[in-house]
Structure formats: structure tokens, C-alpha cells
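S.K.: Following this message is one structure expressed as C-alpha cells.
The values are calculated or read from the model by the stated rules, or taken from the named source; none is laboratory data. Remember, it's a predicted structure, so these values are computed and weren't measured experimentally. Cβ coordinates were reconstructed from backbone atoms using ideal geometry, including for glycine residues, and neighbour counts include every protein chain displayed.
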């Protein structure tokens, strides 16, 4: 594969779809990079395909035959002579096998190495690495629970109840069981193992203390290939439903900024220690003034814009520069956060039942005004296909403080118009006026409790 | 506003509710007008405007690429007569050389992609004009 020269720009294959493909396309154009948009047969009319330099249909509508098919994506990279692959989020973005194949083909993935993905993809080895780096973890097992249930019982009794049994190779709530008393342990382990084996091909489970009312706090990091790593502030992503985030904000309010700074430093140091490269996120539960590591996402996050709005740093641009081998152009001392940013995920879903609502967008009117950003691939007449994730837009606002940001978000949501399909917009509008949200600092159980209370 | 105008304004919400409750057909009427709504099986697909299709017009039949790969021409003459299933070119997909086959009887139009060019999955490579 030819090395791009000064006169020959890097060729970036965007291995994703929807709003994030458009976001990456914009960063490529900003840097003057040659962009290649791949798509499934159902996605030929995606918005970013009008902006990229080349397009290629790689397979049928089903993600398993297109965006999730590593061999097809790699073949597309060969055919288009791409030297960098940006995986976005979801699909192949945390697939170590894909990362390894990209490395073996002589190309660069905009992300960490396959070895790091494997290390952090296994929750047990990730926790061990965090402990070595001084990142706080929940009390729990050092290794996978033994297959002998009596031995597992002894270990779990020592951790104490309530505890949570989790899949080593998992995420997104699958292969996870909360155990309130010792009597419930054996069933929980067996069920979690069975579910983990089916979902992730790895039946290993581990146990750790279960926090009752934690917040979800995360730290964004960026690390280059020269060994420099920085943290870009904290995000609060506690408004979730079934472990899927719905509203995110930065900074995390009501937490001592010094405690966050110390945590951020530890995360950046952990990146340097393990040789991490690219953008990443350390996720924590926060309860009783203590942070506990949950997992690291070795990719760009959906919610990265709130960090971009508060720091002024274009994270996707930085990812591409790192992939091109350039060192970070700023140090930790240069990073300042300003104001408050909130993101609402606009999903093509019924706002009460959360049932997916694919279909034709009859009209789309974007909100605007100072501090309003919309990341979306929508346009009038766009058909939301039923084959993929239901995220269709991210509405992001930036205000001088949290109250200002909440007010701007409410105004922007009121102004935004999407007709033809159901979306989560009415729920967001309601949330922006809910006392719990206005006060801030709600736990990860807040939204589900609110929905139960209102009978949804 | 007339009954019909009111309904048309409320159409997006009505369609959303029909989908939510899995209702495929609704007939509404009052003294001044009537409206019948039929939703397609797949959201996003527009139901046919006419219940009975107009007589089929002879149209060109597309010949799609069987795979993403590199197109290799068979150097066929323009206006080459073909039979359905006849090999009219190849697509190299990795180690595979996959035949491109005519999808109908008729006259093959010129290749829409140059020899050696990259083609996508199911990209149209030729069009076949019906004879007669």
C-alpha cells in the first residue's frame, strides 16, 4: 500500500453510517483528507455520501453483511486504497479482531491497537490494569468466578451483598445480574454465564459490589503515539434507560472539581502506562463521594460533543491527526473547560414505550441560535431504515452555566420539528422541566423510576 | 379550514398512531369530505397511487454487480443481443472472479463502468433493452 506523501493526502475510509459518518466526513474535509464513504444497500441516500470524495456500496442492508462484516470493510479499504480507517462508534469500533486485521493489512485504525482493545475489552483484565494504574475500582473478584459454585459462593460472601455478577466480555446490560442476598447467588451466576456465553461467546463472569444509587461519570481522554495523554474533563451520563444513555452533560455538577482532576490525571497516566492511542473514555460509577471504574470504551463516544463544546477541542479531528502520527498539539495545562453543555439523543422511538419507529421523515426543521449544535444526517424525505440503531440526531447546547444550558435545550427542543416518525423529543422536553433534572445529580435509576411513576 | 385540510395537517400524527397500534387501514368521513388511509407493510414505502397498476411500459432491465470488487469487461459489442443468464462480464472480489449475468433477454447497452474500475455491491453495470 503506498504511503501518502505531502502532495498525496491520507485516504480515510469511514466505516460507519448516520450522524457519526457525517461528523467524521466533516473532520476529514477540515483537514483536507480524501474521504471514502462506505454504505449498505439500504443506506445509499445517507447525507454524508454527498460530501465524501468516494462512495462504495459494500453489502446488503443487514449490518451483519455490511457494517459488521470485517472482511468486507477491509476489502473496501483495499479497493479504495484507504490508509486510515475510522470506525466511529458501535459496529466494528471495539472489535479487536478487526483492529488486528487492519494492522496486518498495513493500514491504521483511528483508535488503539488490537492488543489494547483486547486488554480493555475483557472486563477482568481491564480492572486488573486499572488497579495497577491506580484507577479506583469497586471491591470485587480479581479474576473470573470459579466454575465451582461453592467456591464462587465463598468468594462472593467475602465481597458482601448486594453485589452484581457481570460478564467478562460484556456490556450494555447483558450477562449482568444483581444479587441482593447470598441465597440468590447460584441462580444469578448460572443465568449470567448462560447469557454471556450466548451474547459474547465468553461465559466468564466476575462479581463486584453493587451500588444502589450511583451516578454515571466518565472521563474523556486523548493519547498520541508519542506517549502524551491528556484528559478533557468529566461527563455525567446518568439519565439512562436499560443502560442506554439518553441525556449527557459536561461538566459533572456537584462533584469536587479537585476530585475530578485527580481522577482525570490517573486516567491519563493509565493511558501512558498501557500505551493507549487515540480517543477513549473511562467510565465510573459515583456514589458517596467515591469513583469506581466500570469499563473503558476504546473508541469515540456518542456523547463526545458535550466535551467538545466545553473544551473547544475537536475530538474527531484530533483522532485523525493521531492516526496520521502527529503528536497532540496541546498539553494538559492548555485545556480549560468553559460553561455547561447538554446533549439529548433524538431517537426514532416512541417516547413512552421506546419501541423503534422507523419510517419516512416528512419534514425536518433544525433548531438554531447561539450555543445550539445539531449533529444529524436527517433531511426532508429521509427514510429511517429498520435495520440499525434508532439514533437519528444529537441536539447539543452550550450555555454559560447549567441553568442556561437547560433553558437553551428546552427552547431548542421546542423549535425542532421532525414529522412523519415518532421520536424521543417529547420525553426530552418533559425532562428539561423535571425538578430532578433541574436540580441535577440524579442517579442512573432516575429515568426508569420517573417512567414507572408516570405509568409508562 | 375544511375537514380535509384539518386531516392533512394532522396526517403525520395520525400515521404515527396507526403504526404504533398496528392499524393498516382507516376510513374517515363527515358531511363535507372523506379520507381513506392505507399504510404500506414497510414504513417508508409509499403505497401505490393506483389500486390497479397501469399497463407495464417496456423498460430497460438493470444488470447489477454480484459483489463489491473490480469490474472486468467481456468486450462485448454495443447493442449485443443477450439471453437471460448469459455471462456479460466479471467482477473480481478478492480471489474470486464472479460472473455478471444478463437479467433478461434483449439488447445489452454499453457498460456503465469502465474495465478495471471498482464497483459496489449491486451497482448497475449494464442495462438491457427489451427487443421489439
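S.K.: Can you tell me which of (1) within 19 Å of residue A:59 (Cβ to Cβ); (2) part of a helix (DSSP H, G or I) is the one residue A:116 doesn't meet?
M.R.: Tallying (1) within 19 Å of residue A:59 (Cβ to Cβ); (2) part of a helix (DSSP H, G or I), residue A:116 fails exactly one: (1).
S.K.: Which is within 19 Å of the chain's Cα centre (by Cα), part of a loop (DSSP other than H, G, I, E, B), at pLDDT 95 or above and closer than 30 Å to residue A:425 by Cα, of A:316, A:302? Please lay out each step first, then the result.
M.R.: Numbers: A:316 fails: part of a loop (DSSP other than H, G, I, E, B).
None of the other options fit; the residue is A:302.
S.K.: Here is a follow-up. State which residue is surrounded by the most Cβ atoms within 10 Å (Cβ to Cβ) when the search covers only the stretch A:312-360 and only residues that are farther than 30 Å from residue A:238 by Cβ and within 14 Å of chain B (Cβ to nearest Cβ). Can you show your working first?
M.R.: Taking the stretch A:312-360 first, the residues farther than 30 Å from residue A:238 by Cβ are A:320-321, A:323-327, A:329, A:331, A:359-360.
Cutting the leftovers down to within 14 Å of chain B (Cβ to nearest Cβ) gives us A:359-360.
Details: A:359: 24, A:360: 19.
So, considering only residues that are farther than 30 Å from residue A:238 by Cβ and within 14 Å of chain B (Cβ to nearest Cβ), the one surrounded by the most Cβ atoms within 10 Å (Cβ to Cβ) is A:359.
S.K.: Tally time: how many residues in the stretch B:73-87 are assigned to a loop (DSSP other than H, G, I, E, B), surrounded by 15 or more Cβ atoms within 10 Å (Cβ to Cβ) and at pLDDT below 95? Spell out how you get there, then give the answer.
M.R.: Pass one, the stretch B:73-87, residues assigned to a loop (DSSP other than H, G, I, E, B): B:74-79, B:83-86.
This time we only want the ones that are surrounded by 15 or more Cβ atoms within 10 Å (Cβ to Cβ), so: B:74, B:76, B:86.
Then keep just the ones that are at pLDDT below 95; that gives B:74, B:76.
Number of matching residues: 2.
S.K.: Looking at the stretch B:63-79 only, could you name the residues that are away from chain A (no Cβ under 11 Å) and farther than 16 Å from residue B:127 by Cβ?
M.R.: B:66, B:72, B:75
S.K.: In this structure, is residue A:101 touching a helix residue (DSSP H, G or I) at 6+ places or on another chain (Cβ under 8 Å), within 20 Å of residue B:95 (Cβ to Cβ) and modelled with pLDDT of 95 or more? Don't jump to the end; show me each part of the working.
M.R.: Details: touching a helix residue (DSSP H, G or I) at 6+ places or on another chain (Cβ under 8 Å): yes; within 20 Å of residue B:95 (Cβ to Cβ): yes; modelled with pLDDT of 95 or more: yes.
Yes.
S.K.: Looking at A:183, A:152, A:126, can you tell me which residue is farther than 28 Å from residue A:224 by Cα, assigned to a helix (DSSP H, G or I) and in contact with a helix residue (DSSP H, G or I) (Cβ under 7 Å, 6 or more places away or on another chain)? Break it down stepwise before answering.
M.R.: Values: A:183 fails: in contact with a helix residue (DSSP H, G or I) (Cβ under 7 Å, 6 or more places away or on another chain); A:126 fails: farther than 28 Å from residue A:224 by Cα.
After applying the criteria, what remains is A:152.
S.K.: Could you tell me how many of the residues in the stretch A:47-88 are outside any helix (DSSP H, G or I) and facing chain B (nearest Cβ under 10 Å)?
M.R.: Going residue by residue through the stretch A:47-88, those that are outside any helix (DSSP H, G or I) are A:51-62, A:66-69, A:81-88.
From what's left, facing chain B (nearest Cβ under 10 Å): A:54-60, A:66, A:81.
The number of residues fulfilling the criteria is 9.
S.K.: So which residues in the stretch A:263-299 are closer than 20 Å to residue A:139 by Cα and in a helix (DSSP H, G or I)? Talk me through it step by step, then tell me what you get.
M.R.: From the stretch A:263-299, those closer than 20 Å to residue A:139 by Cα are A:263, A:266-267, A:270, A:282-296; that's our starting set.
The answer is A:263, A:266, A:267, A:270.
S.K.: Let me ask something additional. What's the number of the only condition in (1) away from chain B (no Cβ under 14 Å); (2) surrounded by 19 or more Cβ atoms within 10 Å (Cβ to Cβ); (3) over 29 Å from residue A:452 (Cβ atoms) that residue A:396 fails to meet?
M.R.: (3)
S.K.: When the residues of the stretch A:430-456 are narrowed to those that are touching a strand residue (DSSP E or B) at 6+ places or on another chain (Cβ under 9 Å) and either surrounded by fewer than 17 Cβ atoms within 10 Å (Cβ to Cβ) or not assigned by TED's automatic domain parsing to the domain that holds residue A:360 (or both), which ends up farthest from residue A:250 (Cα to Cα)?
M.R.: Step one: of the stretch A:430-456, the residues touching a strand residue (DSSP E or B) at 6+ places or on another chain (Cβ under 9 Å) are A:431-432, A:437, A:440-448, A:451.
Pick out the ones that are also either surrounded by fewer than 17 Cβ atoms within 10 Å (Cβ to Cβ) or not assigned by TED's automatic domain parsing to the domain that holds residue A:360 (or both) and you get A:441, A:445, A:448, A:451.
Values: A:441: 12, A:445: 19, A:448: 22, A:451: 24 Å.
This residue is A:451.
S.K.: Given (1) in a helix (DSSP H, G or I); (2) under 21 Å from residue A:376 (Cα atoms), where does residue A:321 come up short, assuming only one miss?
M.R.: Of everything listed in (1) in a helix (DSSP H, G or I); (2) under 21 Å from residue A:376 (Cα atoms), residue A:321 misses just condition (2).
S.K.: Can you list the strands (runs of 3 or more DSSP E) found entirely within the stretch B:88-132 that contain at least 2 residues being within 14 Å of chain A (Cβ to nearest Cβ)?
M.R.: Per the criteria, B:96-101, B:124-129.
S.K.: What are the residues in the stretch A:208-252 that are touching a strand residue (DSSP E or B) at 6+ places or on another chain (Cβ under 7 Å) and not in a strand (DSSP E or B), if any?
M.R.: Kept after step one, since they are touching a strand residue (DSSP E or B) at 6+ places or on another chain (Cβ under 7 Å), are these residues of the stretch A:208-252: A:208-211, A:213-223, A:229-240, A:245-252.
Those that are touching a strand residue (DSSP E or B) at 6+ places or on another chain (Cβ under 7 Å) and not in a strand (DSSP E or B): A:210, A:211, A:213, A:214, A:251, A:252.
S.K.: Same structure again: Would the stretch A:246-264 turn up any residue that is more than 20 Å from the chain's Cα centre (by Cα), in contact (Cβ under 8 Å) with a residue 60 or more places away in the chain, in the same structural domain as residue A:332 (by TED's automatic domain parsing) and closer than 24 Å to residue A:89 by Cα?
M.R.: No: the stretch A:246-264 contains no residue that is more than 20 Å from the chain's Cα centre (by Cα), in contact (Cβ under 8 Å) with a residue 60 or more places away in the chain, in the same structural domain as residue A:332 (by TED's automatic domain parsing) and closer than 24 Å to residue A:89 by Cα.
S.K.: Determine if the stretch A:284-302 includes at least one residue that is in contact (Cβ under 8 Å) with a residue 12 or more places away in the chain, touching a strand residue (DSSP E or B) at 6+ places or on another chain (Cβ under 8 Å), surrounded by fewer than 17 Cβ atoms within 10 Å (Cβ to Cβ) and closer than 19 Å to residue A:128 by Cα.
M.R.: no
One line per residue, one yes/no per condition, for (1) crowded, with 19+ Cβ neighbours inside 10 Å; (2) over 20 Å from residue A:200 (Cα atoms):
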{"position": "A:84", "(1), (2)": "yes, yes"}
{"position": "A:89", "(1), (2)": "no, no"}
{"position": "A:92", "(1), (2)": "yes, no"}
{"position": "A:98", "(1), (2)": "yes, no"}
{"position": "A:107", "(1), (2)": "yes, yes"}
{"position": "A:118", "(1), (2)": "no, no"}
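S.K.: Let me ask you something else. With respect to residue A:118, determine if the residue is out of contact with any helix residue (DSSP H, G or I) (no Cβ under 7 Å at 6 or more places or on another chain) and at pLDDT 95 or above. Steps first, answer last, please.
M.R.: Values: out of contact with any helix residue (DSSP H, G or I) (no Cβ under 7 Å at 6 or more places or on another chain): no; at pLDDT 95 or above: yes.
No; evaluated as a whole, the condition is false for this residue.
S.K.: Continuing with this model, one more query. Which one of A:430, A:402, A:365 is without any contact (Cβ under 8 Å) to a residue 40 or more places away in the chain and out of contact with any helix residue (DSSP H, G or I) (no Cβ under 6 Å at 6 or more places or on another chain)?
M.R.: Working: A:402 fails: without any contact (Cβ under 8 Å) to a residue 40 or more places away in the chain; A:365 fails: without any contact (Cβ under 8 Å) to a residue 40 or more places away in the chain.
Every option except A:430 fails the conditions.
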